[in-house]
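Throughout, read-outs are computed from the coordinates displayed, never taken from laboratory work. Quick caveat: nothing in here was measured; it's all calculated off a predicted structure. A quick note on method: Cβ atoms are made from the backbone with ideal geometry, for glycine too, and the neighbour counts reach across all protein chains shown.
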Amino acid sequence: MEIKSILFPTDLSEGSTQALQYAADLVKFYGSKLYILHVIQDISDSIGWYVPHPSIDSLYKDIVKDAQKELDRYGIEELRKTKNVDRIVIKGRPHEEIIKFANEKKIDLIIIGTHGRKGMDRILFGSTAAYVVRHAPCSVLTGRFPIYKG
């Protein structure tokens, strides 16, 4: 099996960082390119309101800038010996953007953590990982990691 490219979508949570170790190990083993993707949820899509365009554009500009700074620092320790890493921040619906990115970049493997939500949380928040597993153009490695209390 040849894995030239791995996509690691992250919400930058501590649980997601636990999944990063799998991506780091597989990237080193296969000599793959690693894409770390963070998708900023479209606010107007989430709340269903109309927000004046200049206000929302300014807000997104700040959010993207801050997210990119955080993503640039994300996983430094786990990936210290990994050279071929792209860190990307985009806006949209996370599950849709992950699938779109995987198709466009012809990704060979997606590694994504799950939160293990149940009941009402699952209904309210949905499952990005479950959607990705169902619709991905490639294999998907999912991991359920410890729940962290902050």
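May I ask for the net charge around residue 68, where only other residues with Cβ less than 14 Å from the Cβ of residue 68 are counted and Lys, Arg are +1 while Asp, Glu are -1?
+1
Among 39, 133, which comes first, then next, by fewest other beta-carbon atoms within 10 Å?
Going from sparsest to densest Cβ surroundings: 133, 39.
Under a Cβ-Cβ cut-off of 13 Å, what is the net charge of the residues other than residue 2 that fall near it, where Lys and Arg count +1 and Asp and Glu count -1?
Surrounding charge for residue 2 is +2.
Please give me the summed charge of the neighbours of residue 26: other residues whose Cβ is under 14 Å from its Cβ, Lys and Arg +1, Asp and Glu -1.
Summing Lys/Arg as +1 and Asp/Glu as -1 gives 0.
Pop the C-beta distance of residue 131 and residue 88 into the FRET formula with R0 = 25 Å and round what comes out to the nearest 0.05.
That pair, residue 131 with residue 88, gives E of 0.85.
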